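Encoded as structure tokens, the structure appears first; notes follow it.
What follows is calculated from the coordinates using simple rules that are stated; it is not laboratory data. In this text, all values refer to a predicted model and were calculated from it rather than measured experimentally. All Cβ positions, even for glycine, are placed from backbone atoms using ideal geometry, and neighbour counts span all protein chains on display.
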Amino acid sequence: MHSQRMANVNFQSIALGVYLFICLFDFVVVPVWFGLNRPEISGFIDTMNTMNNTQLQMELMRKMTDHHDPYTLMGGGLFHLSFGAILTGSVLNRKNKEE
């Protein structure tokens, strides 16, 4: 009984750690990386002024104004709903077994 309880606690801890790592990466690390690797606006404007191809200018403008869309929110946030259900279900299951 004790080993099964430890396995359940370890599962919850590992699942929570994985979820927090994914959220930290998706909402903090990648947006900061996106912001730091954005080109300087002055050099960008100089490059835009030297081009005659409007299609290429539009593509460069899209790159300059692009922002990060969190990967875990694609698909309507189903990732967060799934992880929430897994973590909630495991906690409720543990409480029912303790009673």
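Observations, loosely collected:
- Taking the average, over residues, of other Cβ atoms within 10 Å as the packing measure, peptides 15-28, 44-57 rank 15-28, 44-57 from highest down.
- Ordering of 30-42, 76-88 by packing is 76-88, 30-42, highest average first (other Cβ atoms within 10 Å, averaged per residue).
- Net charge of Cβ neighbours under 12 Å - reference L60; Lys, Arg +1; Asp, Glu -1: -1
- Size of charge dipole - the chain - debye, nearest 20, with Cβ of Lys, Arg +1 and Asp, Glu -1, no other charges: 480
- Taking a ≥ b ≥ c as the square roots of the eigenvalues of the alpha carbon gyration tensor, the chain is prolate, as a/c is not under 1.5 and a/b beats b/c.
- Cα gyration tensor shape for the range 42-99, rounded if a/c is under 1.5, else prolate or oblate: prolate
- Only one residue of H68, N93, T50 has its Cα farthest out toward the positive end of the dipole of the chain, where Lys and Arg carry +1 and Asp and Glu -1 on Cβ, and that residue is N93.
- Within-10-Å neighbourhood charge of R38 [Cβ basis; K, R +1; D, E -1]: -1
- Based on Cα contacts under 8 Å between residues 6+ apart, the chain shows a relative contact order of 41 percent.
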